[in-house]
1. Of all residues being assigned to a loop (DSSP other than H, G, I, E, B) and in contact with a helix residue (DSSP H, G or I) (Cβ under 7 Å, 6 or more places away or on another chain) in region 46-59, which is surrounded by the fewest Cβ atoms within 10 Å (Cβ to Cβ)? Just the residue, please.
2. Under 7 Å between Cβ atoms, which residue pairs at least 6 apart in sequence (or on different chains) link something in region 101-128 that is within 24 Å of residue 90 (Cβ to Cβ) with a partner that is modelled with pLDDT of 95 or more and surrounded by fewer than 12 Cβ atoms within 10 Å (Cβ to Cβ)?
3. Looking at region 56-83 only, could you name the residues that are at pLDDT below 95 and within 15 Å of the ligand (Cβ to nearest atom)?
4. Inside region 33-45, can you point out the residues that are in contact with a helix residue (DSSP H, G or I) (Cβ under 9 Å, 6 or more places away or on another chain) and in a loop (DSSP other than H, G, I, E, B)?
5. Can you tell me how many residues within region 73-128 are in a loop (DSSP other than H, G, I, E, B) and on the phi < 0 side of the Ramachandran plot?
6. Just to be sure I understand, how many residues within region 18-54 are away from the ligand (no atom under 16 Å from the Cβ), more than 11 Å from the chain's Cα centre (by Cα) and farther than 17 Å from residue 73 by Cβ?
7. Can you tell me which residue in region 60-72 is surrounded by the most Cβ atoms within 10 Å (Cβ to Cβ), limited to those that are in a loop (DSSP other than H, G, I, E, B) and touching a helix residue (DSSP H, G or I) at 6+ places or on another chain (Cβ under 8 Å)?
8. When only residues in region 94-109 that are over 14 Å from the mean Cα position of the chain (by Cα) and either surrounded by 13 or more Cβ atoms within 10 Å (Cβ to Cβ) or at pLDDT below 95 (or both) count, which is farthest from the ligand (Cβ to nearest atom)?
Ligand code: MN
């Protein structure tokens with residue numbers, strides 16, 4: 001099993017936080033700063049898990065999830081997706097699940113929750 005995680009997120013502070021947190025556990029983080037670029041990376045690289053921000057500058061995270069799930073490619077249709085929602089109380093979470101995401105987390109990102117949710121899908125390569 002691989003250890004490559006794609007994070008689709010337009011906020012550089014969140015990107016840096018998650019990159020550090022996951023690399024410290026031995027994962028490899030691929031970065032995409034908008035939805036279209038994220039889909040492109042997902043097509044071209046071997047991705048084991050996607051972390052998906054909902055509020056993106058081009059297409060939103062729901063649309064990213066729908067396009068992945070609607071893709072004819074099994075690796076994209078079935079890759080685990082963790083949505084990261086800013087407005088869990090406004091129905092984002094339910095919308096993320098119905099768009100095809102497997103689980104969701106609320107912002108602000110809690111590192112321990114992140115590790116636990118990621119590990120539920122992709123075992124940590126090494127703990128430092
Ligand atoms: Mn965002």
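The values are calculated or read from the model by the stated rules, or taken from the named source; none is laboratory data. Since we're looking at a predicted model, the values are computed, not measured. Glycine gets a Cβ as well: all are built from the backbone with ideal geometry, and neighbour counts include every protein chain shown.
1. Within region 46-59, the subset assigned to a loop (DSSP other than H, G, I, E, B) is 46-48, 54-59.
Applying the additional criterion that residues be in contact with a helix residue (DSSP H, G or I) (Cβ under 7 Å, 6 or more places away or on another chain) yields 54, 56, 58-59.
Numbers: 54: 26, 56: 23, 58: 13, 59: 15.
Only one residue tops the list, namely 58.
2. 105/113
3. If the condition is that a residue be at pLDDT below 95 and within 15 Å of the ligand (Cβ to nearest atom), then no residue fits.
4. Step one: list which residues in region 33-45 are in contact with a helix residue (DSSP H, G or I) (Cβ under 9 Å, 6 or more places away or on another chain), which gives 33, 35-36, 38-39, 42-43.
Residue satisfying the conditions is 33 alone.
5. Let us first name the residues in region 73-128 that are in a loop (DSSP other than H, G, I, E, B), namely 73, 79-80, 86-87, 91, 99-102, 107-110, 120-128.
With the extra rule that they be on the phi < 0 side of the Ramachandran plot, the set shrinks to 73, 79-80, 86-87, 99, 101-102, 107-110, 120-128.
Within region 73-128, residues that are in a loop (DSSP other than H, G, I, E, B) and on the phi < 0 side of the Ramachandran plot number 21.
6. Result for region 18-54: 9.
7. Here is the first cut: in region 60-72, the ones in a loop (DSSP other than H, G, I, E, B) are 60, 71-72.
In the following step, the residues that additionally are touching a helix residue (DSSP H, G or I) at 6+ places or on another chain (Cβ under 8 Å) were identified as 60, 71.
Details: 60: 18, 71: 16.
Going through the qualifying residues, I end up with 60.
8. Quick first cut of region 94-109, residues over 14 Å from the mean Cα position of the chain (by Cα) only: 94-95, 98, 108.
Then keep just the ones that are either surrounded by 13 or more Cβ atoms within 10 Å (Cβ to Cβ) or at pLDDT below 95 (or both); that gives 94-95, 108.
Working: 94: 19, 95: 15, 108: 13 Å.
The residue in question is 94.
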